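Worksheet: one structure, shown below.
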Amino acid sequence: MHPAGTLMLSDGAEIRIRQVDGSDRDALLAGFQRLSPESRFLRFFSGVPQMPDAVVDRLTDVDQHRHVALGVFDPARPSDVGSNDGLGIGVGRYFVSAADPTQAEAA
């Protein structure tokens, strides 16, 4: 089980936040499939209908030091991939700069 935390939003809804790892591959792909064509273009600068394996690998190969990623889940909605966390609704991440470890690119 992943270390996770549950937060209550201002409207009373709860979300679960936890570290992303390789086991989140299916949830990431399912989330991509729920994106509109416009959202896909804005996120990936392309209208690709399917996320390439190399991109999925990069986004789920997280060491939580140089590449940190936190997944956000709605435990009140069933997961579309069978996760006990609920429906995946977002990911926040950053990549530490190889040239300057005091800087990072957030996404």
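The values are calculated or read from the model by the stated rules, or taken from the named source; none is laboratory data. In this text, all values refer to a predicted model and were calculated from it rather than measured experimentally. Methodologically, a virtual Cβ is constructed for each residue, glycine included, from the backbone with ideal geometry; neighbour enumeration extends over all protein chains shown. To get the accessible areas, we keep the full protein, side chains included, count just its heavy atoms, and leave off ligands, DNA and RNA. Shrake-Rupley method; radii C 1.70, N 1.55, O 1.52, S 1.80 Å.
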Next on the checklist: Test of understanding: in a Gaussian network model of the chain with alpha carbons linked when under 10 Å, which of Ala69, Ala30, Ala54 would top the mean-square fluctuation ranking?
Outcome noted: Ala54
Item to check | Environment charge of Leu9, counting only residues whose C-beta is closer than 13 Å and scoring Lys/Arg +1, Asp/Glu -1 | outcome: -2
Checklist entry - To the nearest 500 deg cm²/dmol, what mean residue ellipticity at 222 nm is calculated for the chain from DSSP H runs of n ≥ 4 alone, each contributing -39,500 (n - 2.57), summed and divided by the residues? => result -7000 deg cm²/dmol
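Could you give the accessible area per residue of the chain, probe 1.4 Å, as a whole number in Å²?
That works out to 66 Å² for each residue.
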Checklist entry - Percent of accessible area on the stretch 61-107 owned by carbon and sulfur, 1.4 Å probe? => result 52 percent
Next on the checklist: Quick check for me: using +1 on Lys/Arg Cβ and -1 on Asp/Glu Cβ, what's the dipole size of the stretch 13-107 about its Cα centre, in debye to the nearest 20?
Outcome noted: 180 debye
Checklist outcome for this item: For Ala27, the net charge from surrounding residues (Cβ-Cβ under 10 Å; K, R +1; D, E -1) works out to -3
Checklist entry - Hull surface divided by four, with the convex hull built on the Cα atoms of the chain: how many nm²? => result 7.9 nm²
Checklist entry - For the modelled label position 7 Å from the Cα of Asp100 along Cα-to-Cβ, which residues of the stretch 59-75 have backbone nitrogen atoms closer than 13 Å? => result none
